[in-house]
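Below is one structure, written out as structure tokens, with a few remarks after it.
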Amino acid sequence: MNHSRMSEESMQRMEASIPELAGSALKLAYLQALTINGKVMEARHGKLVETTAEGAVRVIRSIAMPTPVRVGEKRVRARKT
């Protein structure tokens, strides 16, 4: 059986497209949620908000701001005691 191997260059090109593909998938999921359910929940600027298909935005509550993480950095969530 002949197994074709991908070159390193081809693999790097494909990996470089992951952020764009992920962004497109996220946008599609967002639009599908609005179409099917009429609203989505999302985090915006430290707030949990509900956005409707008509464009209305309702703040549900405040949430913690995102924790910045550098590329390659690993984070471990501390256990509550």
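The values are calculated or read from the model by the stated rules, or taken from the named source; none is laboratory data. Bear in mind that the values here come from a model prediction, so they are computed numbers and not experimental data. Using ideal geometry, Cβ is built from the backbone for each residue, glycine included, and neighbour counts are taken over all protein chains shown. Accessible surface areas use protein heavy atoms only, side chains included; no ligands, DNA or RNA. Shrake-Rupley method; radii C 1.70, N 1.55, O 1.52, S 1.80 Å.
Residues in the chain average 96 Å² of solvent-accessible surface per residue, probe 1.4 Å, ligands and nucleic acids excluded. The spacing between region 40-81 and region 7-37, judged by their C-alpha centroids, is 20 Å. Seen against the Cα atoms of the chain and their longest principal axis, helix 18-37 is set at about 40 degrees. For residue 45 and residue 75, the FRET efficiency from 1/(1 + (r/R0)^6), where r spans their Cβ atoms and R0 equals 22 Å, is about 0.55. For the chain, trypsin sites (Lys or Arg not before Pro) meeting the loop criterion (DSSP other than H, G, I, E, B) and having at most 15 other Cβ atoms within 10 Å: 5, 70, 74, 75, 77, 79, 80. Expressed as a whole percent, the accessible area of the chain that falls on carbon and sulfur atoms is 57 (1.4 Å probe). Annotation: amide H-H contacts under 5 Å for residue 47 (H modelled 1.01 Å from N, sequence separation of 5 or more, or interchain): 63.
For the chain, rounded, prolate or oblate, judged on the Cα gyration tensor with a ≥ b ≥ c (square roots of eigenvalues), a/c < 1.5 rounded, else prolate if a/b > b/c? Here the chain falls in the oblate category.
For the pair residue 61 and residue 37, what calculated FRET efficiency results from E = 1/(1 + (r/R0)^6), where r is the Cβ-Cβ distance and R0 = 25 Å, to the nearest 0.05? Working shown, then result.
Details: r = 20 Å, r/R0 = 0.79.
My answer for the efficiency is 0.80.
If exposed means no more than 16 neighbouring beta carbons inside 10 Å and the site is in a DSSP loop, what's the longest run of the chain without any exposed GluC sites (Glu not before Pro)?
On the way: sites that count: 54, 73.
After excluding every exposed loop site, the longest remaining stretch is 1-53.
Using Cβ point charges alone (K and R +1, D and E -1), the dipole size of the chain about the Cα centre works out to roughly 640 debye.
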